[in-house]
1. Does segment A:338-359 include one or more residues that are closer than 21 Å to A:Asp271 by Cα, away from chain B (no Cβ under 14 Å), among the β-branched types (Val, Ile, Thr) and not in a helix (DSSP H, G or I)?
2. Inside segment B:216-271, can you point out the residues that are polar (S, T, N, Q) and either within 22 Å of B:Ala413 (Cα to Cα) or within 14 Å of chain A (Cβ to nearest Cβ) (or both)?
3. Where in segment A:617-679 are the helices (runs of 4 or more DSSP H), entirely inside, with at least 3 residues that are buried (at least 21 other Cβ atoms within 10 Å of the Cβ)?
4. Can you spot a residue in segment B:42-51 that is assigned to a helix (DSSP H, G or I), surrounded by 11 or more Cβ atoms within 10 Å (Cβ to Cβ) and within 14 Å of chain A (Cβ to nearest Cβ)?
5. Taking A:Trp385 as meeting all but one of (1) farther than 30 Å from A:Arg519 by Cα; (2) more than 14 Å from chain B (Cβ to nearest Cβ), write down the number of the exception.
6. Go through segment A:187-294 and tell me which helices (runs of 4 or more DSSP H), entirely inside it, have 1 or more residues that are within 14 Å of chain B (Cβ to nearest Cβ).
7. Report whether or not A:Val37 is β-branched (Val, Ile, Thr), touching a Pro at 6+ places or on another chain (Cβ under 8 Å) and more than 12 Å from chain B (Cβ to nearest Cβ).
8. At pLDDT below 85, assigned to a loop (DSSP other than H, G, I, E, B), touching a Lys or Arg at 6+ places or on another chain (Cβ under 9 Å) and not charged (D, E, K, R), is that true of B:Pro25?
Amino acid sequence: MTKASLQHVTVVIPAKGHPVLLDDAIGSVERELEGGVIRRLIVIDDGCQFAETRHALSAWQALLGDRLMVLHTKNGGLSRARNLGIETALRVDPDLDAIFLLDADNMLADGAGPAMGQLLSTFQDADWFYPEFDFFGQNGHYITEEHFDLLLQAEANQCDAGSLIRRRVLDAGIRFDETMRQGYEDWDFWLQAAQQGFSGRSARRPLMQYRKRPVSMLSHSHEMDGDLRRYLRRKHAWLFNLPRLVALEAESYPRFALVEGESRKVSLCVDPSVQAPSDWRGLERMIMAHMADPHANHAPAYLVFLRDGIAAHLADAKLMHTFLWNCERRVERSTNDMELFFLERSDSGAFELQTECGNPLRAADAICLSLAGLQRLLRDRDEDWMRDLDRLPLPCDTDSWVLRTPTRLPQGAGAATAAEIMRSGLLSLARSPWRSALTQEWSWRSPGGAVSRDRTVQIPRGAVGGGIALPLLKSAGQHDIGFVLPIFSIGGVEKVAASLARDLQQDGYRLHLFVVSDRPIQAEDWALAPFASVHWLPDANALDWSGEEYLGTAEPNWGSGMQGADLMGLLGSMDVVINAHSAALHKVADSLRRKGVVMIDHEHLLESSTYGRGYGPPHLALAYEHAYDLFLTCSDALRTWMHANGVPQNKLIPVVNAPGYPMSAAEQRCLAAVRGNPQGRKAPLRVLFLGRLDKQKGMRRLSTIYRALADHLPRAELTIAGRAVVEEEGEALAWPAQTRFLGPVHGPAALTQLLTQTDILVLPSHFEGLPLSVLEAQRCGVAVVVTETGAVREAVEDGMTGFVVPQAECERTMVERILMLDRDRELLARISTAAAEQVRTWRQSTQQLRDWLQHRLPEPTSAAEKQPRHLHMALNEVS
Amino acid sequence: MTMDSRRFGLFVDPDIAGACQHLLPPALIAVPVSSEGNSVEPAPAPGRAWLAALVGPAKGSVWRARLNERGMANVAVIEVDPARPEHMCQELLTLLTTRLDTYEQEMGETRLASATLRRENHSDKTRFREIESFLYSLGNPQIARSLSWEPSGAIRRLSGEATIVQNIPLNAVSITALDLWLPEMPRNRDLGLSLSIIDAAGTAHELTEAYTGEETRGGWVRFLLDAPLKGDARNCSLVLRFTGNGTLAVGMGPRTPDRSFAARGDGMEEDDALALRVWKAIAGATLPEEPLALLASSNTGSHARFLSPASLPAPQLFAKPASASDYVTADYWENEDVVMVHPSRSGAVCAVIRDVPLPRLSHISAIVTVGHPQAPNLNMAVGVAPAGSIGRDGLWQTCMGPWVHGLPALGWAQAHCVPTSRINGRADIFLAVSLAQDVPNDLSWGLFRGFRVVTADLLDDADT
């Protein structure tokens, strides 16, 4: 006796409404009973409205004896009937191996029983077997996937309920969802099975004949497609989330083909940090195979032709992910099939990005060409056109963008340009030996609901409203935290974000920086060091501040079209997003939170208008209180303000500012020793203003103060360090002759040196949060004289660790305090020592936040965990 | 212990069991079941039909709910008054006679349905006969070509024991014959080649060689199934097994980028697909009923051989129209192993491959393609004449075979020629190409990828 004949299969038929066609279904089972694999039939009369159904079942009962078991029940829906049949089958036959679910108007194929036995004995690892979609009535034969593929299953159901299901799946408690009475319950069933690690395969032989009618429950389900999909996405959030779908995409369907240099070195990837090496011939074959049968063969959705060294340069600058994401976004959101890219050296020392640069008369460093565009070129263009691709400008509609980095660019004046690399690739494809395959039909089956492989790139987008999905894979054992800022230009907010990131990195988190605007990234090395990747969403209108107002603070108009969805695609793979003043992010914060991203808002500053009206980011954040899990504030005072204005207390954690750049304890001790006792020095007083030369900082006040000091202390050193960033005073100010203008001071070493050569820091701001310059100065033993604003009192105890003066007539009071300190060098020394001793560290400031994150986030998954039981061969093949 | 063969049963409430026990017919199984659950639970069982539950007064609704819960909504509930048990008999009889009445009615319906289906079947047969008659009047078409992968000129040689598996992108149903391009296979010779189609269910369907003769002349060899494949729609593949002593040259078709359709087996490249034609039977025809051997004897003793351009002397431009002012040429392209002939807008251009040993040549065919995707349609022909018999001013057209007309860009075909003059030893092969339309001759590359020659004498390898 063969193993196949030892198998025991029970067929379950739920019956409602087909009293005559039911005979055909039962008859088809009866024919297979003799084969010995199918040993029993269970029919569930699901409260059929026709008495004829019960009469028919009685007659079949008389004929089939104990090989048929009939249950009559009140109508409870298809799912309940199937579940009842499954429960009964498991109870009645403890030695059962598998169940086949057959609808009452379908039929088993001839030889289905032995075929089931063979499948069960041959493919021991498969948990269920789904038949080919072979229809009668409305004739048709549809493609089915040979192996159950979870990514494709997320897009469309690959398996009919009429499948052969092993007992172990049912013993695991997988059942049909009885609340799903409008359809797609089979889709849900297989997703449940997949969640528990089960997997199926196509029977690849006739098991069942499926009656297809113009109108059916399934077609009704398609009408309700949107509602049912939403239900499935909610229920199966374990699958319908961006990181999971991107991971599934990366397993089998590389999104990018990176083609580098004249030799056309090829690597395939979703995440550029996990590349599979290939070669041009392999890629050419993938493309041709895809064009020959797009439902069977995958090819990367984007071909990126790169001049030698460009990819390595971008990777070193942590920009490779954002490069690919922007390439994909630009191609998808424009009408062009290809986008040009230029890499340049930045003169300003910043990372810069420029969009909409047209089709210039210069050779591109990279070109991104969509697979769809490539197919159009191969179809519509001749070789003459392709040969012209190294001409400038390119002979097609295209646009371009530029990235500028402060580091030295790859050398390669003589190296092949991206257009030349693309040109040779296209000509190779046009002359491909496989091109004749495109004139053949490679499948006799219709696509039906099969997913064309060029849609795989779109499946992860489905989890984020259609936004372009960041090609980033999770790192085993690490949570990803994204910092989102509207600009990153060495301001206080940026320094705080970098300091926070540095502390979180120490705790094992993987950090990413996102700038939501097209502004340059101006950062010192230490500030970018904690980030594993740096990104731009370069929408200029993300900063236009011309949208609706909430409590007197305007939002940007940004967010139309797919802008919001794209930001979700950019951030959807993060476990935590910390929003540091990006108003654009507020617009999608709630959606991200609903997708499972922990949303944190970080507020720094209450701004004040000319007329003293409070406005600014904290006001806008109040409008989106519901969209965030947590609010961080730079001070206790701001925490109190946020609470007073409606943010629940347990959603608030103060992360009180600490000095804005790192300094070791040893260095601090050394500085204290160097400073010594100014009383003994009798040297001219050294006064410093450090910060942006913006109106907010009280520049006119500073001018008055410096002029008064020059009158009283003609030998005093008066220094100004910084530059205007946001808004200059608008009129020329008069400065005493001895004022030194240093311009911006970059880098911790330069700052520390400046502060060690300073006795007093003066900060006559109209409004502040908790200024980092004050904290940095205090750490270096500088006495600070500041106006009463924001949370300065949390850093300065008046008369003990500095001086806090009222806003009214602050110029006069500040001059008085400075003159007093000049006179009383002992007081100056006391304040210097006290200030240096009281300074806090970021480690202390972030303790509460780090505890909260540890409690809030689940254990990060390891790489091996949650892997589907089947892995595809596509990547193996190309490698 | 013997099984109880009785099929119908009743649940009996113990409270009234005594009252009705003597009234129940012995053909029914009576199972005592208490509504309080202190007796046997009512449960559906395979092969058993429960007719009714006999329960005490006022217990009907409790029983109804209980039976519904257990999937026995069809079981009737009869309340029995212990004081008047004969009423129970009446209700039971009513229940049974109602079922009897129903079944007799349904029996009548079933007989009517059978008669209706027989009538429809008869009508279908009559109409099918009419369609069949009409088909006979159309010349008795029986098969249709369902797949055609033309030879590309690439040859793989099998030796020893070899197996090739080729997936076929067709539904297996109705396949009846299959042609392979075996350019060097002599006819009527058992080379140890067996072919079968394996369907998705794993069943092998053997094919046998059809000795039709005509196929062999062009290199195509036909293999037949006993009957067209039947059953449900399903995928299939071709398995070719060679167990002969010599070598077998198998012609390859288009190169396939899709690995699932690459021929798998010894000596195959990773993108080879067999040159293949698949025929399906029309409307159940079985083809042919018996192998044809009409021309078998006439070709006995011939030898077929495939010659690639690399194995032949270099081509020379032989003739071009006198008025031709555009660029024409004839050349051998080593990378592709083809002879290219570039025609003129003014007329046909002819190239010659001189002095090829083809003793007692009976037939030559050439695999021709139009080489460029933007080429205009081309006409192509092959010809042969005894070596040196046609001078530069001679009428080369007289030795050509029929022209292949209007071959489109990237099109593939075979051109044939039967020598008009007897060829005893060496021959010149003429390759002619012309434009099918009056257009510029840009990119009009006529490519000759290989030649199949049938000779009475065996060719010596050294000769070619």
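The values are calculated or read from the model by the stated rules, or taken from the named source; none is laboratory data. Note that this is a predicted model, so its numbers are computed, not measured. Cβ sites come from the backbone with ideal geometry, for glycine too, and all protein chains shown count toward neighbours.
1. There is no residue in segment A:338-359 that is closer than 21 Å to A:Asp271 by Cα, away from chain B (no Cβ under 14 Å), among the β-branched types (Val, Ile, Thr) and not in a helix (DSSP H, G or I).
2. Taking segment B:216-271 and keeping what is polar (S, T, N, Q), we get B:216, B:235, B:237, B:243, B:245, B:247, B:256, B:260.
Listed by number, the residues that qualify are B:Thr216, B:Asn235, B:Ser237, B:Thr256, B:Ser260.
3. Values: elements: A:617-623, A:636-644, A:665-675.
Per the criteria, A:617-623, A:636-644.
4. Checked segment B:42-51: no residue is assigned to a helix (DSSP H, G or I), surrounded by 11 or more Cβ atoms within 10 Å (Cβ to Cβ) and within 14 Å of chain A (Cβ to nearest Cβ).
5. In the conditions (1) farther than 30 Å from A:Arg519 by Cα; (2) more than 14 Å from chain B (Cβ to nearest Cβ), A:Trp385 misses (2) alone.
6. Values: elements: A:217-223, A:225-235, A:242-252, A:280-292.
Hits in segment A:187-294: A:280-292.
7. On the way: β-branched (Val, Ile, Thr): yes; touching a Pro at 6+ places or on another chain (Cβ under 8 Å): yes; more than 12 Å from chain B (Cβ to nearest Cβ): yes.
The answer is yes for A:Val37.
8. Values: at pLDDT below 85: yes; assigned to a loop (DSSP other than H, G, I, E, B): yes; touching a Lys or Arg at 6+ places or on another chain (Cβ under 9 Å): no; not charged (D, E, K, R): yes.
No.
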